[in-house]
Amino acid sequence: MAVVSLARSFGLISIAEGVETQEQLDALKMRGCDTIQGYFISKPLDSQEFYGFLTDTAVKVPMQELRFSGGDSQLEELETVL
């Protein structure tokens, strides 16, 4: 909680690493964490697997709901790949 609050106070986005379970995700959401990474989302992927992951995930998650720290230009770049 303290790290998430500290990030917010500096206007930064918090990213939790190593999230593996729904329970961990729920706890982080409750504490206001912005973003996660870890096996809960995906195992490490090579470039071909990553492309497949992106295209499969895009069907499940509308692009408007994705959050990017890079802003609209990063979202537009991803949309051109998909």
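Coordinate-derived values only; no laboratory data. Source: prediction; values computed, not measured. Here the Cβ is made from the backbone with ideal geometry for all residues, glycine too, and neighbour counts use every protein chain on show.
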Which far-off residues, 5 or more places away or on another chain, put their amide H under 5 Å from the one on Ala16, with H placed in the peptide plane?
Thr35, Ile36, Gln37
Kindly identify segment 1-41 as rounded, prolate or oblate by the Cα gyration tensor criterion: order the square roots of the eigenvalues as a ≥ b ≥ c, call it rounded if a/c is under 1.5, otherwise compare a/b with b/c, prolate if a/b is larger, else oblate.
prolate
Short version: ³J(HN,Hα) in whole Hz for each residue of segment 17-24, in order, from phi by Karplus 6.51 cos²θ - 1.76 cosθ + 1.60 (θ = phi - 60°), x for Gly and Pro, what are they?
9, x, 6, 10, 10, 4, 4, 5
Fewest to most Cβ atoms within 10 Å: Asp34, Asp26, Asp46 sort as Asp46, Asp26, Asp34
